[in-house]
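Worksheet: one structure, shown below.
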Amino acid sequence: MSNILLSVIVDNKEGKLMRIFKSKWFHKWAEKEGLTDEAINIAIKEMEDDLVDADLGGHIYKKRAAIEGQGKSGGLRTILAFKVGNKAFFMFGFAKNQRANINEKELKTFKKMGKEYFGYSEIKLNKVVKVGNLIEVENNE
């Protein structure tokens, strides 16, 4: 999986800026599936309010996301690393009708990726943005 990420910033309930990142793979997949940044912002706000679909351990979560014009129940599933008031890294996604879940090997990989991402300092994240390996997307609010 690519370490190139895209990010979105949203306000969390503590008033801090929450940085949200998407892997390059996730970004391409989300565009193809019609998953908007607005829907991702909504998913994060729900998670900050403890509306989590599945806690997979190690700060890795499965979260349903709505496709524009459709609901969540038959829609998309996302896998992300998430810490309230900190950062979120969307790493993988799939349509409910394409697969039921991720396997143990994939979960282990996502936990490793999440740990690495959360280890990045703000300075390192900013450097990665500056060189173009992270692209920060403005919040629409």
Sort out which residues of region 15-42 are hydrophobic (A, V, I, L, M, F, W, C) and under 18 Å from GLY114 (Cα atoms), and write them in order of number. MET18, ILE20, PHE21, TRP25, PHE26, ILE40
Does region 112-131 include one or more residues that are free of Cβ contacts under 8 Å to residues at least 60 places away in the same chain, among the charged types (D, E, K, R), closer than 15 Å to TRP29 by Cβ and surrounded by fewer than 16 Cβ atoms within 10 Å (Cβ to Cβ)? no
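Suppose we keep only residues that are closer than 25 Å to LYS32 by Cβ and over 15 Å from the mean Cα position of the chain (by Cα) within region 99-108. Which one would you say is surrounded by the most Cβ atoms within 10 Å (Cβ to Cβ)?
Step one: of region 99-108, the residues closer than 25 Å to LYS32 by Cβ are 99-103, 105-107.
Those left that are additionally over 15 Å from the mean Cα position of the chain (by Cα): 99-103, 105-106.
Values: ARG99: 10, ALA100: 8, ASN101: 13, ILE102: 18, ASN103: 9, LYS105: 8, GLU106: 13.
Here the answer is ILE102.
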Does any residue of region 91-98 turn out to be surrounded by fewer than 13 Cβ atoms within 10 Å (Cβ to Cβ) and more than 21 Å from LEU17 (Cβ to Cβ)? yes
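What helices (runs of 4 or more DSSP H) lie completely within region 36-141 and have 1 or more residues being in contact with a Leu (Cβ under 7 Å, 6 or more places away or on another chain) and modelled with pLDDT under 90?
Working: elements: 37-48, 104-119, 122-130.
Where helices (runs of 4 or more DSSP H) fall fully within region 36-141 and carry at least 1 residues being in contact with a Leu (Cβ under 7 Å, 6 or more places away or on another chain) and modelled with pLDDT under 90, they are 122-130.
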What number goes with the only condition from (1) out of contact with any Asp or Glu (no Cβ under 7 Å at 6 or more places or on another chain); (2) more than 15 Å from PHE110 (Cβ to Cβ) that MET91 does not pass? (2)
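Could you tell me whether MET18 is at pLDDT below 85 and crowded, with 19+ Cβ neighbours inside 10 Å? Step through it out loud before you land on a result.
Numbers: at pLDDT below 85: yes; crowded, with 19+ Cβ neighbours inside 10 Å: yes.
When the stated conditions are applied, MET18 passes them.
The values are calculated or read from the model by the stated rules, or taken from the named source; none is laboratory data. Computed from a predicted model, the values in this text were never measured in an experiment. Positions of Cβ are generated from backbone atoms using ideal geometry, with glycine treated the same way; all protein chains shown enter the neighbour counts.
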